[in-house]
Each structure stands twice: as C-alpha cells, then as structure tokens.
Amino acid sequence: MNTRLFRHEKIVGKEDAGERLDTWLTIFPFSDFEPDLAPSRSVIQKWIAGGFVTVNGKITTDKSYSVKVEDKIKLEVEIGDEFPIPPPEPLDIRIVHRDPEFVVIDKPPGINSHPMPNDLTGSVVNFLHHENIPQPLSGNPLRPGIVHRLDKNTSGLMVIACTDRAKATLIETIKRREIERRYIAIVFGEMKIPSGTIEAPIGRHPEDRRKMYVVLTGDGKEARTHYKLLTQYIGFSLVTCKLDTGRTHQIRVHLSHIGFPVAGDSLYGGRRAVDRAFRALNRFDKHDPDFPAIEKGILDIADILTADRVHLLHAAKLSFPHPVTGEIMSFKAEPHDKFKKVMSILESLPHHDIDDNFFMENNGV
C-alpha cells in the first residue's frame, strides 16, 4: 500500500482553550480543506495513542488533554492511499459539457459532490463511474476529479477534471481566481440595497461544528461575496452572487450574516425565518382584493420549504479558461423544479423587477 505523510501544525487560539485534544484535532487539521472528509474521533485517538501528536514539542498520548492558549500542537502521521472505490450508480445528473480534459455537470439538490467515508453511495463520483467518465489516476478515489464542490442541497454547475493535467490546472485557476462562479438565490426578506459586497472572514462555528460563521475576531479565513438584487417580492428577494473566494458554505453564511438567509436553509436560519414572510402580510389590508391570493401564495411557499431540506441556492453560471487551450469556456443552467415553482408563485404576486435579465450574456454583479 502506498502512503503519504500528513503533517499539520497549529497554535491554539483563545476560542479553543479547554477543548479536548482529540476533539480539537478532529475538527481543525482537516476541516480547513474538506470538513466532510475529516477522520473520525476514534482514528484521531489511535494516532494520539501511537505517539504521532506533540504538544509544545513533547509527545502526548493523553487524548483528554485540555488544550491551552498558545499550545503548539503538531500531528505527523503516514496515511494510506488505498480507499474503497465508490460503486457506479445511475443518478439524475445532466452532463452539460464533455471534454477529454473535463466535464461540466448540472447537479440536482440532494446529491453529495463526493461520497462520505461512511457512505460510498449517492454522489457525483458514483455517477462518474457509471458514465465511464475518465478520472485522474492520482488523488483520493472518494473525490478523484472534484476541484470544487457544491453543498448537498445546493444545485447547479460543477466542473470535474478528467486528467491529472486538467486537475492541476483547474486547481491553480481557482487559486488565481480566474474561475467565475455565479449563483442565484431566493432569500427571506425584502432587500433594499440593489448591490453590494460582503467582505467578512469565515471560520468554523465554536459551538455547532456543522456550521461556519463570520469571525469578527480570531482566525477566520478571508471571504468575499458580491451580490446584486434581481427582483424584490413580498417577503422575499431574488439575488445573484459572485464569489471571489470559495469558503465552505460561503454564500449561505454571508447572506444570513446580512439578514437575508437563503430560503430553505435550516442551518443558517432559512427555515425558521419563514415567519418573516408572513409578517410581510401585515402591511396589506385584509379587505384588499389581492390579499387572499397573496396569503395563499405565502402559505404555498411555506409548504414547499418545509417539505424537505432543499436550499433555494443554485450555481447558475460557470466560466473558466480551458485547462489546455486557454479558451474561455462558459456554461449556464436553469434552476431546479422546486426553485422554479417558488419563483412562479412569487412572480404571480406583486413584485418589483430590478434586473430580470440574469441569464443574458455578460449580465454581471
């Protein structure tokens, strides 16, 4: 079995003081890159017991050690490259473009970008195997050509490398911010500002490890999201977002941070906030002839949003240089049926179009 050396070193910050060593290591060394592929706590405990962890230069085998501010903790361990291969699966994923170097797909909500270590089914990677799409020879088989991912319940465009050359080039393209990703989202609240930039660092939430949050003080990572209001509805807004950085849950965190959570996103307030839509009805006279239709529309949307965990967030446009020729490749994808259904209801009610030509070429944030 081939192995590779994994080395990570970090100094404990104030926000983590008192955390158990095994818990701290489970969260931090891996989550900055890919939280869903972090090793289990039991694996971390075995590494601690095996002497692969030092605190301030000294080996510690105490998994329950309480980390202290300014502790310098280092993990150095060899990790095997052999992983179980995800089985092929036919999934309802549309191939938008197929090229010897890469493919672009339109991922529906409810499908993971890659398998989880404890569940090797139901992901984009399983679909790639089923479609006999070539994948890079090197790297983790759980995410062989995945150079950027979408959250499970976010839909839209993804580019996947088919060769080592394409993978390396696309990763560099992302690092240089030469890949353009544009999303559309239906959010709770009637946005007044037509456009803006949210520049707020993002880090792992200190109390809920499933979540990210805007870090006002500490070691958050730089994150920048540009947004533009497309249409203002009763209790909702349709916005487009352009990413300068690609932090975990970035759009969801940033929009929630400014008070407009993505509709349907229970993790960041997009489900509980449905009450806000009902409160928007208060400005209408119940005797207004339009009131029954408006009330029914809001109720219908509430039913749709509480039926499952789909986010009304869609990666609608993707543009990047071809990894070999350098030609600019541009793609777009219409949102999924549930997104369209909510849109149809909102469009049937009084609304104010700010910019209704999002899918026109060169319509930017």
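The values are calculated or read from the model by the stated rules, or taken from the named source; none is laboratory data. As the structure is a computational prediction, the values presented were derived from the model and not from experiment. Cβ coordinates were reconstructed from backbone atoms using ideal geometry, including for glycine residues, and neighbour counts include every protein chain displayed. Heavy atoms of the whole protein, side chains included, go into the accessibility calculation; ligands, DNA and RNA do not. Shrake-Rupley method; radii C 1.70, N 1.55, O 1.52, S 1.80 Å.
What to note about this one:
- Taking the charge dipole of the chain about its Cα centre, with +1 at Lys and Arg Cβ atoms and -1 at Asp and Glu Cβ atoms, the residue from Y183, S344, G203 reaching farthest to the positive side is G203.
- Annotation for E180 and F278: the two label points, set 7 Å from Cα along the Cα-Cβ direction, are 4.2 nm apart.
- Estimated FRET transfer efficiency when R0 is 51 angstrom, pair I95-K192 (beta carbons, to 0.05): 0.80
- If you plug the beta carbon distance of T325 and D244 into 1/(1 + (r/R0)^6) with R0 = 22 Å, you get a FRET efficiency near 0.30.
- Positive end of the dipole of the chain (Cβ unit charges, origin at the Cα centre): among V55, H322, I85, the Cα lying farthest that way belongs to V55.
- Which of M158, M343 is most accessible, then next, and so on - probe 1.4 Å: M343, M158
- Pairwise label distance in nanometres, D355 with A307, each label 7 Å out on the Cα-Cβ vector: 3.1
- Förster radius 30 Å - calculated FRET efficiency between S344 and H287 (Cβ-Cβ, nearest 0.05): 0.65
- Violating pairs (Cα-Cα greater than 32 angstrom) within the set K10/K338; K228/K296; K175/K211: K10/K338
- Once C-alpha pairs closer than 8 Å and six or more residues apart are averaged by separation and normalised to the residue number of the chain, the relative contact order reads 14 percent.
- Taking the protein heavy atoms of the chain in the context of the full set of protein chains, the accessible area attributed to carbon and sulfur is 50 percent at 1.4 Å.
- Heavy-atom accessible area per residue - the stretch 221-308, 1.4 Å, Å²: 41
- Entries of K46/K167; K58/K221; K192/K242 with Cα pairs more than 22 Å apart: K46/K167; K58/K221
- For the chain, share of DSSP beta bridges that run antiparallel, in % to the nearest 5: 95
- For the stretch 108-253, size of Cβ-based charge dipole, Lys and Arg +1, Asp and Glu -1, in debye: 160
- In percent, rounded to a whole number, the relative contact order of the stretch 196-308 is 18, using alpha-carbon pairs under 8 Å and six or more apart.
- Computed over the chain with a Gaussian network model linking Cα atoms closer than 10 Å, the most mobile of K228, K341, K58 is K58.
- In this Cβ point-charge picture (+1 for Lys and Arg, -1 for Asp and Glu), the chain has a dipole of about 720 debye about its Cα centre.
- Estimated [θ] at 222 nm from DSSP helical runs (n ≥ 4, -39500 (n - 2.57)) normalised by residues in the chain, nearest 500: -6500 deg cm²/dmol
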